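Here the structure is laid out as structure tokens; the discussion comes afterwards.
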Amino acid sequence: MKILVVDDSNIARKMTIKSIKEAISDKAEIIQASNGLEALNEYKSSQPDLVFMDLTMPVMDGFEAVEKIKEIDKDAKIITVSADIQKGAVDKTRELGVIGFIKKPINSNKVIEYIEKLGLN
Amino acid sequence: MLENILNEDEKDCLQELINISYGTASASISEILDSFATLKVPRIKLLKSLQLKDYLINNDSSNDIQFVVSQIIHGNFSGENIFLINKDSAFKLAEILNEDEDVNIEEVSDVVLEITNILSSATIGKFSELLDTKVSFQAPSLEIIDSLEDFNENRIKDFNEVIIISTILEFDKLNVKGELILLTKDESIKKLKEELQKILEEY
Amino acid sequence: MKFENINILLETIDNGIILIDENLNILFWNIWLETRSGIKSNDIINKSILEFFPEIKENVFKRKIKTALALNSTAFYNAENTKPLIKIKQPRVTSKFFEFMQQSITIVPYDQEKRIVCLYVYDNTRLSEQNKRLKQLTEELEEQIVQNKTKDRLMYEQSKMAALGDMIHNIAHQWRQPLSIISTTATGVAFQKKMDILDDSQLIENMENINKSTQYLSKVIDTFRGFVDRNKEYKVVNISKEILEAIDIVKPSLMYHGIELIEENECLSKNYYNEMTCHELPEVLINLINNAKEALTFKDIKKPWIKIDIIDDKKHIFISVEDNAGGVKENIKDKIFEPYFTTKHKSKGTGLGLHICYRIITESLNGKISIENTLNGAKFTIKLEK
């Protein structure tokens with residue numbers, strides 16, 4: 001299994017990766033990207049099974065990245081992870097077709113929940 | 001320079017924690033106030049305290065009467081929150097929150113103090129939770145000044161260098177805007193550095 | 001150590017303690033509140049606080065409770081607001097400003113699940129009163145300052161006018177004679193020509209006289225220009241020269257009134273140097289001499305004189321102006337430098353002269369001025385640091 005983790009903050013990526021590892025130990029290969037553009041490129045080249053996407057990033061933000069990824073793969077499985085939990089943000093991501101929204105700081109239980117729901121384990 | 005006080009990783013960690021704290025705070029604030037309020041993505045800056053006044057003046061073009069609220073934070077993480085809002089916004093805010101078209105200056109003062117307390121508790125409360133440290137807040141106090149030119153620099157003379165975390169509180173479609181500034185000083189910055197290191201070591 | 005009588009703390013604490021839920025129903029009301037509000041705990045428990053205190057703004061209160069619970073943090077009622085949450089009448093008759101107890105209130109979460117908060121009520125009436133009194137005092141002081149500034153400005157304007165008036169008087173006085181000479185001489189020459197008795201040498205002599213007079217007229221103007229220009233340079237000046245400037249101006253007037261000007265120890269021919277603003281000293285001297293002159297003429301003193309003296313004791317320079325007009329009454333002596341103080345008739349003076357002298361000496365020249373009675377009359381002494 002391949003998982004793509006996208007966030008402009010180093011520590012945020014590390015936190016997300018740690019939660020993922022707590023959930024499924026080393027059963028997945030983790031790929032990282034630090035903005036939406038990199039995420040798009042990585043998605044094309046590595047074709048991950050699951051994406052954890054932060055929303056506020058420079059160059060290309062999470063919303064745009066989700067949109068673009070969905071354009072090349074309408075079945076892409078994307079979970080947004082964000083500090084911005086305003087209702088507007090959540091609704092917008094839902095419209096874009098994400099399968100989940102996790103509030104920062106992320107914890108491994110939520111990750112487990114989604115992975116089981118998706119039947120990826 | 002911030003770079004000399006905090007290294008790249010620490011800065012990154014601080015920014016992330018602040019984003020999380022202020023992001024969560026936004027939601028709490030909307031819930032409490034029954035209205036849609038957003039906190040803009042917080043910006044972090046390091047300044048010498050004497051530069052604060054210039055920084056404020058540069059950020060606000062209005063020469064309007066300003067409500068300046070200060071709230072002191074005690075604890076392992078200590079500092080001061082300053083909330084700035086001009087007279088027009090303050091009055092509009094009070095009218096909305098008190099559901100009263102005719103508010104007097106005492107009522108507006110009360111509302112501005114209350115908002116500051118809510119902002120402080122929401123943002124710093126969450127922040128201290130993430131740092132696993134306890135804080136407590138003093139009752140906020142208000143000063144009304146004719147314009148930012150009158151901002152009293154003596155109040156912050158105890159601060160040598162300050163980390164400024166500023167964000168704008170905006171009420172959607174209502175043209176109500178206020179700025180929240182967190183000041184933290186020398187010793188507290190040192191303690192902050194230690195806490196950030198602790199967190200970085202976990203990952 | 002087990003705390004078994006912890007209730008004693010609730011009963012004896014000098015604060016009000018209320019437990020209240022998010023619907024504003026009271027669950028605890030301590031003794032402090034019972035005694036002050038007159039409401040018994042049994043009567044208010046499980047009832048809404050609004051039943052007993054209907055003026056409380058419901059939405060604001062509920063919002064603060066929500067804040068405390070949602071953020072697990074403290075909420076406050078502004079201590080400086082004069083409208084207290086719990087209206088309690090002040091029993092003290094001596095309370096000047098407030099009819100009701102002034103309060104400072106903090107709200108802290110007590111039970112998150114049951115949505116209950118705890119309210120602490122602090123009586124800060126005394127502090128509020130002190131603050132109010134202080135505020136009043138500050139306002140009064142500020143008003144005073146503004147008033148004083150206005151008065152000051154007025155005085156300054158008046159003194160300028162008065163000084164100008166004095167100048168013009170002096171100029172007029174000094175011009176009278178020369179003008180008269182010019183007039184007489186010109187008329188005389190015209191008459192002699194008409195009568196055909198004018199010869200060339202007479203004509204030339206008379207024209208020269210007229211010229212001399214006009215030159216004198218011109219010189220008088222020049223002397224005054226030095227003052228009016230107000231070129232207030234700060235430099236080393238020769239004190240005797242400055243005094244002589246003053247004397248130049250008042251001398252004609254003194255001579256007219258028959259007042260002898262005595263120079264003690266030939267002080268005016270000696271040189272005394274000091275650093276100061278130009279032209280300030282002459283202004284003071286003119287004033288002092290004019291005062292003396294008026295006293296002498298008013299009292300119609302026979303053989304009136306004014307004596308000027310300069311003494312240098314290495315540390316200070318003393319300049320004195322003495323007259324023989326009989327002196328000043330004791331009860332007037334301390335008031336003499338006060339503004340608007342005058343013994344003259346309203347039309348004759350503004351009473352500003354000596355006050356302005358006082359101000360110039362003490363503020364501008366950093367010196368002291370004093371008055372004493374001597375055997376003959378009054379003596380004003382100016383003391384300057386070197």
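The values are calculated or read from the model by the stated rules, or taken from the named source; none is laboratory data. For clarity, every value in this text was computed on a predicted model and none was experimentally measured. Methodologically, a virtual Cβ is constructed for each residue, glycine included, from the backbone with ideal geometry; neighbour enumeration extends over all protein chains shown. The area values use the complete protein model at the heavy-atom level, side chains included, leaving out ligands, DNA and RNA. Shrake-Rupley method; radii C 1.70, N 1.55, O 1.52, S 1.80 Å.
Points to keep in mind about this one:
- Restricting B:Leu119, B:Leu131 to residues that are within 12 Å of chain C (Cβ to nearest Cβ), closer than 29 Å to B:Lys198 by Cβ, touching a residue at least 60 places away in the same chain (Cβ under 8 Å) and not charged (D, E, K, R) narrows the list to B:Leu119.
- Note on region C:71-94: among residues that are buried (at least 19 other Cβ atoms within 10 Å of the Cβ), more than 7 Å from every other protein chain (Cβ to nearest Cβ) and closer than 15 Å to B:Glu107 by Cβ, the one that is modelled with the lowest pLDDT is C:Pro84.
- Residues that are surrounded by 21 or more Cβ atoms within 10 Å (Cβ to Cβ) and in contact with a Phe, Trp or Tyr (Cβ under 8 Å, 6 or more places away or on another chain) were ranked within region A:15-36; the one that is nearest to the other protein chains (Cβ to nearest Cβ) is A:Met15.
- Filter result (more than 8 Å from chain A (Cβ to nearest Cβ) and either over 16 Å from the mean Cα position of the chain (by Cα) or among the aromatic types (Phe, Trp, Tyr) (or both)) within region B:19-35: B:Glu31, B:Ile32, B:Leu33, B:Asp34, B:Ser35
- Only one of the listed residues (C:Ile249, C:Ile239) is more than 22 Å from C:His173 (Cβ to Cβ), out of contact with any Cys (no Cβ under 8 Å at 6 or more places or on another chain) and touching a residue at least 60 places away in the same chain (Cβ under 8 Å). That residue is C:Ile239.
Yes or no, residue by residue, for (1) open to solvent by 70 Å² or more (accessible area, probe 1.4 Å); (2) farther than 25 Å from C:Ala246 by Cα; (3) over 29 Å from the mean Cα position of the chain (by Cα):
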residue: C:Gln103; (1), (2), (3): no, yes, yes
residue: C:Glu113; (1), (2), (3): yes, yes, yes
residue: C:Arg133; (1), (2), (3): yes, yes, no
residue: C:Leu137; (1), (2), (3): yes, yes, no
residue: C:Glu140; (1), (2), (3): yes, yes, no
residue: C:Ile145; (1), (2), (3): yes, yes, no
residue: C:Ala163; (1), (2), (3): no, no, no
residue: C:His173; (1), (2), (3): no, no, yes
residue: C:Val189; (1), (2), (3): no, yes, yes
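- Within region A:1-14, the set of residues being in contact (Cβ under 8 Å) with a residue 24 or more places away in the chain and either open to solvent by less than 20 Å² (accessible area, probe 1.4 Å) or more than 14 Å from every other protein chain (Cβ to nearest Cβ) (or both) comprises A:Met1, A:Lys2, A:Ile3, A:Leu4, A:Val5, A:Val6, A:Asp7, A:Ser9, A:Ala12.
- When B:Asn63, B:Asn76 are checked against the criterion of being touching a residue at least 60 places away in the same chain (Cβ under 8 Å), open to solvent by 90 Å² or more (accessible area, probe 1.4 Å) and touching a helix residue (DSSP H, G or I) at 6+ places or on another chain (Cβ under 8 Å), a single residue qualifies: B:Asn63.
- Some residue of region A:39-55 being surrounded by fewer than 20 Cβ atoms within 10 Å (Cβ to Cβ), of a type in the set (D, E, K, R) and at pLDDT below 90: no
- So B:Leu39, is it within 14 Å of chain A (Cβ to nearest Cβ) and surrounded by 20 or more Cβ atoms within 10 Å (Cβ to Cβ): yes
- Yes/no for C:Thr125 being open to solvent by 20 Å² or more (accessible area, probe 1.4 Å), closer than 22 Å to C:Asn15 by Cα, out of contact with any Leu (no Cβ under 9 Å at 6 or more places or on another chain) and of a type in the set (Ser, Thr, Tyr): no
- Of all residue pairs spaced 6 or more apart or on separate chains, those with beta-carbon atoms under 9 Å, a first member in region C:260-287 that is under 12 Å from C:Leu244 (Cα atoms) and a second member that is open to solvent by 60 Å² or more (accessible area, probe 1.4 Å) and of a type in the set (A, V, I, L, M, F, W, C) are C:Leu261/C:Met255; C:Cys267/C:Ile311; C:Leu268/C:Leu244; C:Pro282/C:Leu244.
- Single unsatisfied condition, C:Glu113 versus (1) more than 25 Å from B:Ala122 (Cβ to Cβ); (2) more than 11 Å from chain B (Cβ to nearest Cβ): (1)
- Selected residue (only one of C:Ser320, C:Ser253, C:Ser213, C:Ser218 is in a helix (DSSP H, G or I), within 37 Å of the chain's Cα centre (by Cα) and either under 14 Å from C:Ile382 (Cβ atoms) or not charged (D, E, K, R) (or both)): C:Ser253
Residue by residue, here is whether (1) in contact with a Cys (Cβ under 9 Å, 6 or more places away or on another chain); (2) open to solvent by 20 Å² or more (accessible area, probe 1.4 Å); (3) within 26 Å of B:Asn19 (Cβ to Cβ) holds:
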position	(1), (2), (3)
B:Val108	no, no, no
B:Ile118	no, no, yes
B:Thr123	no, no, yes
B:Phe127	no, no, yes
B:Ile145	no, no, no
B:Leu169	no, no, yes
B:Leu174	no, yes, yes
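- Any hit, region A:82-104, residues being more than 14 Å from chain B (Cβ to nearest Cβ) and closer than 17 Å to A:Lys18 by Cα: no
- Within region A:100-121, residues that are over 22 Å from B:Ala27 (Cα atoms) and open to solvent by 80 Å² or more (accessible area, probe 1.4 Å) reach partners that are in a strand (DSSP E or B) and not acidic (Asp, Glu) with beta carbons closer than 9 Å, at six or more positions or on different chains, in the pairs A:Glu113/A:Gly100; A:Lys117/A:Gly100.
- Strands (runs of 3 or more DSSP E) (entirely within region B:108-203) containing at least 3 residues that are within 30 Å of A:Gly88 (Cα to Cα), of a type outside the set (Asp, Glu) and in contact with a strand residue (DSSP E or B) (Cβ under 8 Å, 6 or more places away or on another chain): B:161-171, B:176-184
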